[in-house]
Structures are given as C-alpha cells and as structure tokens.
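Okay, so here's the structure we're looking at.
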Amino acid sequence: MVNYTVGQLAYLKIFFHAAKHPHLQVNGVLLGKKVSETVEIIDAVPLLHHWTSLSPMMEIGLDLARRHAESLELQLVGYYQACERLDDTALAPVGERVASKVKEGFTHAVALVIDGDKIGSPDNAALIPYLAQSPSSSWRPYTEAGTAVPFSSGSSFSLSPPDLPARAVSLVRDQQLQRKFGDFDDHLEDVTIDWLRNKAAMSFDIQE
C-alpha cells in the first residue's frame with residue numbers, strides 16, 4: 001500500500017472550511033501528486049456548504065478544481081467532508097460518488113472525513129481516511145488488522161509537519177482566519193471571493 005501525507009496548506013484549508021461552518025456539512029477536493037510510494041496531499045479546494053449533493057453546481061466546481069490543479073501541475077487525489085453532526089463520521093453517499101469520480105483519474109484516491117468530536121484538539125488530526133475496497137469499490141475507513149489507523153508519524157497516514165492541529169487551532173482562535181475563507185458556494189454569491197486559492201485566509205508563513 002502507498003502512504004499518504006497531508007501538508008500544511010491542505011490541512012489548514014480543510015480545518016478552516018469546517019471551522020467556518022461548524023453546524024453544516026462541508027466538502028471539497030484534495031490536490032497533490034504521487035512521489036514514489038507516497039501520495040503527497042499538497043492543497044485543497046473547498047467546494048460547498050449549501051448544496052452538498054452531486055448537483056450541477058458540484059459538477060462545475062469539480063471541473064474548475066481539476067483545471068486549477070492542472071495549472072499547478074497537480075491532480076485531484078481525493079475528497080474531504082465534514083458532517084452536520086459532530087458524532088457522524090460516515091462518508092456520505094455523495095462523498096462516495098465524488099471520491100469514486102476522483103478515483104477514475106487517480107488510482108490511489110483517498111477520502112478524508114473530519115471527526116467532529118476531535119476537531120479542535122491540538123494533538124489530534126481529527127481526520128478519518130477512507131479507501132475504496134476491491135472488488136466492490138465501496139469506501140470504508142482504513143484499518144490495519146481490524147483497527148482504525150490514526151494520523152501519526154510512522155503510520156500510513158501522516159501530517160507534515162506533525163504539529164498542524166495545534167497550529168490550526170491557534171490560527172482560528174487567535175486570528176479568526178476562517179472568517180476570510182471562502183468556498184465555491186460563497187463564490188457563487190460573491191464572485192470576488194478567491195475560493196480556489198483563498199489567499200486572504202492563508203496570509204501567514206507556510207512552514208515546511
């Protein structure tokens with residue numbers, strides 16, 4: 001199996017999206033590339049918080065996100081979502097369909113579901129990885145020997161750098177950067193919102 005690493009830009013965008021709409025389902029796609037046996041998740045594009053079904057708006061957003069990825073010499077490598085209820089960590093049916101569409105273009109696609117009970121903890125990534133199972137292609141939480149695998153150094157799923165949860169909590173608590181964050185839904189209401197890059201919300205030093 002390949003390994004997966006979530007970088008700072010991708011993690012913080014996922015975190016900001018969920019923090020801005022804590023009581024709504026949000027979703028988006030992951031951008032990255034495969035280097036040797038590791039999928040590097042480098043960036044994320046936030047899609048929706050109003051219309052989270054596989055609607056024409058979702059299709060348009062996916063197409064624009066794919067073109068944006070190509071402009072960065074990256075590709076769509078996965079999907080992410082947060083659920084309305086904090087205790088809901090299931091990949092929604094629409095999430096399975098979007099993740100499967102991403103998998104058509106990238107064999108090692110992953111879906112990340114935000115754990116609402118753990119998000120905001122400075123020492124927990126609060127991300128549950130889902131992978132497509134063969135031969136049914138249904139999506140299930142990734143486990144090893146029947147046990148869920150957390151994001152941690154040395155595991156198949158990791159954060160780079162490892163202290164990203166604490167940094168995300170600090171940026172939301174101290175700078176309220178999630179308020180400057182916008183998704184495709186926001187862009188449809190205000191075309192000046194830079195949903196593909198979110199430069200206003202990402203106005204801090206990116207740590208390597």
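The values are calculated or read from the model by the stated rules, or taken from the named source; none is laboratory data. What you see is a predicted model; the values in this text were computed from it and never measured. Every residue, glycine among them, receives a Cβ derived from its backbone with ideal geometry; neighbour counts consider all protein chains shown. Keep in mind that these areas ignore ligands, DNA and RNA; they rest on the heavy atoms of the full protein, side chains included. Shrake-Rupley method; radii C 1.70, N 1.55, O 1.52, S 1.80 Å.
Let's see if you can work this out: charge +1 on each Lys and Arg Cβ, -1 on each Asp and Glu Cβ, no other charges. What is the dipole magnitude of the chain about its Cα centre, in debye to the nearest 20? Numbers along the way, then the final one.
Values: 18 positive and 26 negative charges, 22 e Å.
Using Cβ point charges on Lys, Arg, Asp and Glu, the chain gives about 100 debye.
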(request) Rank these by accessible area, largest first, 1.4 Å probe: Met1, Met202, Met57. (result) Met1, Met57, Met202
(request) Determine the distance separating the Cα centre of the range 139-194 from the Cα centre of the range 68-126; give it in Å without decimals. (result) 9
(request) Taking every pair of alpha-carbon atoms in the range 38-196, give the share separated by more than 29 Å as a whole percent. (result) 17
(message) Once you place label points 7 Å from the Cα toward the Cβ at Ala166 and Ser55, how far apart are they in nm?
(response) 4.1
(message) Ignoring solvent entirely, what values of log10 I(q)/I(0) come out of the Debye formula for the range 1-56 at 0.19 Å⁻¹ when each Cα is a single scatterer?
(response) -0.70
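From the helices alone, meaning DSSP H stretches of at least four residues, give me the mean residue ellipticity at 222 nm for the chain, per-run term -39500 (n - 2.57), in deg cm²/dmol to the nearest 500. Kindly include the intermediate steps, with their values, before the conclusion.
Values: 5 runs with 60 residues, N = 208.
Taking each H run of at least 4 residues, the total per residue is -9000 deg cm²/dmol.
Given the Cα-Cα distance of Leu86 and Gln133 and 0.36 nm per residue of separation, how much length would full extension add, in nm?
Result for the pair: 14.4 nm of gain on full extension.
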(message) Let me cross-check Thr143: its accessible surface, 1.4 Å probe, with only protein heavy atoms counted, in Å² to the nearest 10?
(response) 60
(message) If you roll a 1.4 angstrom probe over the protein chains with everything in place, what fraction of the accessible area of the chain belongs to carbon and sulfur, to the nearest %?
(response) 50
(request) Distance check, please: which entries in Lys20/Lys118; Lys13/Lys33; Lys34/Lys101; Lys34/Lys180; Lys20/Lys199 exceed 26 angstrom between their Cα atoms? (result) Lys34/Lys180
(request) Can you check how the C-alpha radius of gyration of the range 64-104 compares to 2.2 N^0.38 Å, as a plain ratio? (result) 1.39
(request) With a probe of 1.4 Å, find how much accessible area the chain has per residue, and write the answer as a whole number in Å². (result) 47
(request) Please list 91-103, 155-167 highest first by mean number of surrounding beta-carbon atoms within 10 Å per residue. (result) 91-103, 155-167
